[in-house]
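What follows is a single structure, written as structure tokens, with notes after it.
Since every read-out is calculated from the coordinates, none of them should be taken as a lab result. Fair warning: this is a prediction, and the values are worked out from it, not measured in the lab. Neighbour counts run over all protein chains shown; Cβ positions are idealised from the backbone, glycine included.
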């Protein structure tokens with residue numbers, strides 16, 4: 001039976017591994033990349049741990065409002081002269097045993113509202129930690145989107161390089177035939193072959209750039225290898241006009257309400273305000289209530305005991321019976337013996353209840369220094385919040401201007417590509433009949449390649465900046 005279960009497990013694991021391998025070979029969408037990165041990124045995990053620490057701190061501070069309760073017990077041996085803890089008399093002798101048991105509790109009745117303000121500060125710190133996690137996730141999402149678009153850009157550049165290399169190879173073949181029949185000088189063939197070699201190098205460079213872009217994304221995803229990694233190519237419509245219906249100021253005002261770095265700074269500011277109240281609590285009296293309940297046992301604790309009465313003692317020391325001759329009549333005898341454990345537990349019970357008031361008179365300026373530090377922390381939190389707002393405004397303004405500039409550059413590059421394509425076709429026709437030199441042909445071709453490269457770069461730069469602006473307006477990052 002165990003062997004059968006083991007074989008079933010092997011088959012299941014094998015099928016699961018095969019399924020995972022098939023999933024691994026599929027192209028990754030942008031959303032899958034973002035979700036995978038957020039789940040596996042080390043920095044996100046570290047920030048989540050910080051959030052959990054702040055939650056634990058909040059719970060601990062809330063518990064400070066509850067009374068404390070502790071129990072204690074002791075079991076000790078003593079030798080020599082000592083004081084019986086329950087009779088307060090000196091005793092001497094061999095080793096003696098003592099045991100003590102107690103319960104004690106205490107609660108702060110008034111402490112300058114320090115505990116309440118500490119709880120509020122801890123809550124603000126926890127909320128700030130949550131926003132820090134969101135900030136890290138947002139940064140990773142934008143970085144993943146940028147790396148994803150970089151791969152798409154590299155793919156299109158490689159496609160352009162391969163197309164141009166293919167055109168040059170065809171032109172080189174035509175040139176070779178024309179040289180063989182004597183219609184073109186042999187120098188034209190050398191020039192076109194040199195251009196063909198240059199474009200083959202461009203293809204290799206474009207392949208390396210694509211591989212490097214893929215490696216960059218896989219490293220951001222924390223994958224072990226970039227082998228068999230590919231991304232899904234979305235249908236990106238070339239931008240025709242500005243798709244923003246808001247100004248940079250409107251985007252900024254919208255971002256202020258939802259960006260986690262702003263919320264985090266605001267929560268930290270509120271926590272710093274509570275820090276001043278916490279520091280000022282040291283100026284107020286502290287009142288607490290304490291109570292205890294205990295008992296104990298000591299082997300040196302004695303009690304007086306009386307032996308049974310008898311009639312007398314014979315000369316030989318034996319007890320007498322009726323009618324015997326007695327040495328002296330005794331009716332009873334007494335002595336000390338150790339008090340039993342159960343009796344001592346009841347007899348040695350002690351209880352205490354007390355109020356304790358502490359009034360600070362002079363504490364070496366510690367409270368003054370604490371208040372000064374808290375005020376400085378508050379001023380720093382105010383500046384940090386303002387700095388975050390300034391950085392957000394600058395980032396949005398820069399993205400807005402970059403998007404507009406990229407759109408203008410794309411539109412100009414698109415026109416340039418159309419013009420260069422027509423010019424190249426005309427130059428190619430003239431080159432075929434020998435009306436222009438190979439240098440003119442290569443120059444026209446290189447201008448066309450550069451125009452296409454500029455157009456692609458401006459296209460993806462524009463798309464990314466639009467995604468950044470959409471992100472600051474609370475829209476999800478999608479392609």
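Residue exposure proxy: 55, 159, 379, ordered by other Cβ atoms within 10 angstrom of their Cβ from fewest to most, comes out as 379, 159, 55.
Per-residue Cβ neighbour counts within 10 Å put 218, 225, 89 in the sequence 225, 89, 218, beginning with the fewest.
Counting every other Cβ atom within 10 Å of each residue's Cβ, 176, 274 order from fewest to most as 176, 274. The distance between label points at residue 208 and residue 181 comes to 4.0 nm (points 7 Å beyond Cα on the Cα→Cβ vector).
Put a dot 7 Å past each Cα toward the Cβ at residue 341 and residue 384; how far apart are the dots in nm? So the label points at residue 384 and residue 341 sit 5.8 nm apart.
Label-to-label distance for residue 190 and residue 287 is 10.6 nm, based on points extended 7 Å past Cα in the beta-carbon direction.
Rounded to the nearest 0.05, the FRET efficiency derived from the C-beta distance between residue 105 and residue 134 at R0 = 51 Å is 0.75. Taking a point 7 Å from the Cα of residue 68 along the Cα-to-Cβ direction, the residues of the stretch 278-303 with backbone N closer than 16 Å to it are 286-293.
Across the stretch 284-304, the residues whose backbone nitrogen lies under 13 Å from the label position 7 Å along the beta-carbon direction of residue 355 are 286-290.
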